[in-house]
Amino acid sequence: MATTSNDSTKPAPAKKTMDELIAELHTRRTETKAGGGEARHEKQHAQGKMTARERVEGLVDKESFEEFGLFARHRQTKFGMLTKAAPSDGVVTGAASIDGRLIHLASQDFSVLGGSAGEVHSLKVADAMHRSLKTGSPFVFINDSGGARVQEGIDSLSGYGQVFHSNVLLSGAVPQISLICGPCAGGAAYSPALTDFIIQTRKAQMFITGPQVIKQVTGEDITAEELGGADSHMAHSGVVHFVAEDDEDALHICRRLLSFLPSNNLEGAPYVPGDENVDPNPELNKIVPVDPKVGYDVRQVIAGIVDRGDFLEVQAGHAPNMVIGFARILGNTIGIIANQPAVLAGAINNQAANKAARFIRFCNAFNLPMVTMVDVPGYLPGVEQEYNGIIRNGAKLLFAYSAATVPMIQLILRKSYGGAHVAMCSRDIAADCVFAWPTAEIAVMGAEGAVEIVFRKEMQEAEDKVSRRAELIQEYRDAFASPYVAAGRRLVDDIIEPADTRKHLARALEYLKNKRDQRPPKKHGLIPL
Ligand code: HXC
């Protein structure tokens, strides 16, 4: 029988020793972790940005990060990609803890092919998301990318598709937070848009089409910052929830936000003890002016009620006539929704309705009880409001509260008029418990407007029109605009001294903590989008 080769006569290649294999592993790890290299990292630093790995280290508990996919590689061989090093395919993914609680994360590495999202890059992100879902842990995605990796063509689009679909699978099951720390353009912006909270730094821009394309198509001149900067998105589009000065600030906001949230929809939020005091707070008796026309800052009321006055306001710079955010009462997280009389007298406009409705749905999805503080003259009138859909957007608020099943408390501070009274978590659509301060005025509309409708003829015929109008306004106000009428109809459970509010809320939240609210089975309701 012929021998297969002469190989048997040659010495076999020497196998590497264990020490050599381990040394090789360490070398490969170090080289891969270096990402796009020092020069590109320096460029990030020069722009006041951290690198992808610095962001991960800055976000999570020390030594807690377990990386997955360090050695993942793209499959593209064309356009010079065969020889193009793309360490970790431009995204760092893995599990870690924040304040001892598990999270999964992805952090795009701009130093590697501009953080562009190729097929493998996106599959790594989607994989981290699925691990979040399987383990019931929040997902944090740190974005810094030139968008779809152009050299990979439709494979990169397909990867994006998998990320978007995963975003939707996770929605309502685990909290999803996006940090925008660098470019986030085109379709890339849609993954953040599908998450629950977006934190954007002042060094990053996010848009679907950039200034150059806009100039070509519409002729409009605008800078990238004006178009897609964090402050623009906060004020105009309402796309972002928090504006961060820089990466460090964004990481801090992310950790703080997570401290208020449960890890998933089947768990409670972390209990944070330390403020058990429910003694009266006399300051609360002084904040709300008795005259319904005089404004004040509702955030002072919130601070006077919640644990240590600690309130994490969400979308503070967007529709400031509606205040939303997280706080705690006796260590347990609550969502707060409050009209802000200091802005537009607290009237509800399109932006405010959208802002609040979305927040209500987040709180409900993650079992966070809600406290709604009401001081509202109504929906904001105006052609612009009507044309932009105040009917549809206002209905979102009604829908979101009516569909919610978590414990809900309505606290009426002062004005509570008309449709806005019903929409702001009234007893009839949502509230399990309604408290009113003695300043509360609950009515179908303000007394001034009401007399114009009901008594117009009588006022025209009166000898002294001015004093008759004043009399009728007072008469209407006495008849309806006090908390006692509503309490008489059982629309208010109790009228309380402002100073005692924290005690009453703490008790009500305790009594309601095992609330059950069964709804008819259906695929899903149809919130008026
Ligand atoms: C491949 C990319 C890339 C991309 C950047 N790079 N974006 N590589 N695909 N999308 C590479 C650059 O070639 C460069 O490589 C390196 O990243 C750094 O980029 P620079 O341009 O030098 O950086 P900078 O000057 O800071 O500008 C950053 C930028 C710019 C504004 C993001 O790179 C840019 O405009 N990129 C293209 C953005 C874009 O049009 N994306 C849309 C893709 S389509 P070298 O080797 O030269 O250093 C899309 C659709 C998705 O996203 C749809 C999903 C449904």
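The values are calculated or read from the model by the stated rules, or taken from the named source; none is laboratory data. Not measured: the values here are computed from a predicted model. We place every Cβ from the backbone using ideal geometry, glycine too, and count neighbours over all the protein chains shown. Note: areas computed on protein heavy atoms with side chains; ligands, DNA, RNA excluded. Shrake-Rupley method; radii C 1.70, N 1.55, O 1.52, S 1.80 Å.
Quick rundown of the values:
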| read-out | value |
| --- | --- |
| Breaking point among (1) exposed (fewer than 13 other Cβ atoms within 10 Å of the Cβ); (2) within 12 Å of the ligand (Cβ to nearest atom); (3) under 23 Å from Q151 (Cα atoms), for R75 | (2) |
| The range 303-328, residues that are part of a strand (DSSP E or B), open to solvent by less than 10 Å² (accessible area, probe 1.4 Å) and either more than 21 Å from Y401 (Cα to Cα) or not hydrophobic (A, V, I, L, M, F, W, C) (or both) | G325 |
| Members of the range 171-218 that are closer than 13 Å to F242 by Cβ and not in a loop (DSSP other than H, G, I, E, B) | I177, S178, L179, I180, C181, P192, F197, I198, I199, Q200, T201 |
| Residue that is under 22 Å from P292 (Cα atoms) and either open to solvent by 60 Å² or more (accessible area, probe 1.4 Å) or assigned by the TED database to the domain that holds L397 (or both), where the choices are Y476, Y511, Y484 | Y484 |
| Some residue of the range 294-301 being within 28 Å of the chain's Cα centre (by Cα), modelled with pLDDT of 95 or more, closer than 15 Å to R328 by Cα and in a loop (DSSP other than H, G, I, E, B) | no |
| Residue in the range 16-38 that is closer than 28 Å to A250 by Cα, within 16 Å of the ligand (Cβ to nearest atom) and assigned to a helix (DSSP H, G or I) present | yes |
| Selected residue [modelled with pLDDT of 95 or more and open to solvent by 30 Å² or more (accessible area, probe 1.4 Å)] from N265, N277 | N265 |
| Residue selected from the range 188-202 under the condition out of contact with any Ser or Thr (no Cβ under 8 Å at 6 or more places or on another chain) and within 11 Å of the ligand (Cβ to nearest atom), by the criterion farthest from D231 (Cα to Cα) | Y190 |
| Test set (1) surrounded by 15 or more Cβ atoms within 10 Å (Cβ to Cβ); (2) basic (K, R); (3) modelled with pLDDT of 90 or more - R516 fails condition number | (1) |
| Count of residues meeting criterion [over 30 Å from R456 (Cβ atoms), part of a helix (DSSP H, G or I) and touching a helix residue (DSSP H, G or I) at 6+ places or on another chain (Cβ under 7 Å)] in the range 472-529 | 5 |
| Residue count for the range 164-187, restricted to those that are near the ligand (Cβ under 9 Å from one of its atoms) and in contact with a Leu (Cβ under 9 Å, 6 or more places away or on another chain) | 2 |
| Residue satisfying condition, being within 24 Å of H318 (Cα to Cα) and open to solvent by 40 Å² or more (accessible area, probe 1.4 Å), within set L157, L169, L227 | L227 |
| Inter-residue pairs, beta-carbon under 9 Å, first more than 25 Å from L266 (Cβ to Cβ) and in the range 174-187, second of a type in the set (S, T, Y) and near the ligand (Cβ under 6 Å from one of its atoms), 6+ apart | G187/Y160 |
| Lone unmet requirement of (1) free of Cβ contacts under 8 Å to residues at least 12 places away in the same chain; (2) over 24 Å from the mean Cα position of the chain (by Cα); (3) within 11 Å of the ligand (Cβ to nearest atom) for G161 | (2) |
| K415 vs. criteria within 26 Å of G268 (Cα to Cα) and buried (at least 24 other Cβ atoms within 10 Å of the Cβ) | no |
| Single condition G238 does not satisfy, out of (1) on the phi > 0 side of the Ramachandran plot; (2) free of Cβ contacts under 8 Å to residues at least 40 places away in the same chain; (3) within 26 Å of the chain's Cα centre (by Cα) | (2) |
| Condition broken by P11, with the remaining ones in (1) in a loop (DSSP other than H, G, I, E, B); (2) more than 15 Å from the ligand (Cβ to nearest atom); (3) in the same structural domain as H252 (by the TED database); (4) surrounded by fewer than 12 Cβ atoms within 10 Å (Cβ to Cβ) satisfied | (3) |
